[in-house]
């Protein structure tokens, strides 16, 4: 058998990686390099009431902060579906809007909410924490057919 499940494979890169001689993208340092950090949703479904990025924009080393509202105001639009799909009857399928950053609501855990660019990764993370502490959202869930409202960040 040439390739099979569970069959050992000879790997040639292991020695370099386990002896500390590997080179990773995080090891690259360029002049005037900046770092981006994506603030992601920690809840599965929520309506965004407000994202206050003013404190993050004033932090030292922060060069750029974008939220869904900023993206919409700049007219950047949604992430397009690059594969033109059709329905069974040959009509074009409906494209679901996919905003670059959450706009109005988050639909899954990990959905991008804000993009921060700073001189250092630490500064970008600190700015993301400043936004995260001030974000206001309300999520609705129905455990056992009862509706409850959970308000976060108040």
- prompt: Residues in the stretch 45-71 that are modelled with pLDDT under 90 and at positive phi: how many?
  reply: 0
message: Return the pair list, or none, for Cβ contacts closer than 8 Å from residues in the stretch 76-95 that are within 23 Å of residue 66 (Cβ to Cβ) to residues that are part of a strand (DSSP E or B), at least 6 apart or on different chains.
response: 78/99; 79/99
- prompt: Does residue 74 count as touching a helix residue (DSSP H, G or I) at 6+ places or on another chain (Cβ under 9 Å), farther than 23 Å from residue 45 by Cα and at pLDDT 90 or above?
  reply: no
field: Hits in the stretch 16-51 (condition: surrounded by fewer than 10 Cβ atoms within 10 Å (Cβ to Cβ) and more than 31 Å from the chain's Cα centre (by Cα))
entry: 19
message: For the structure I just gave you, tell me whether residue 127 is surrounded by 13 or more Cβ atoms within 10 Å (Cβ to Cβ), touching a helix residue (DSSP H, G or I) at 6+ places or on another chain (Cβ under 7 Å) and either under 30 Å from residue 28 (Cα atoms) or without any contact (Cβ under 8 Å) to a residue 40 or more places away in the chain (or both).
response: yes
message: Going by what's in this entry, would residue 98 be described as farther than 24 Å from residue 125 by Cα and surrounded by 10 or more Cβ atoms within 10 Å (Cβ to Cβ)?
response: yes
Residue check for residue 153: at positive phi and modelled with pLDDT of 90 or more: no
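The values are calculated or read from the model by the stated rules, or taken from the named source; none is laboratory data. Predicted, not measured: the structure shown is a model, and the values here were computed from it. Positions of Cβ are backbone-derived with ideal geometry, glycine not excepted, and every protein chain shown enters the neighbour counts.
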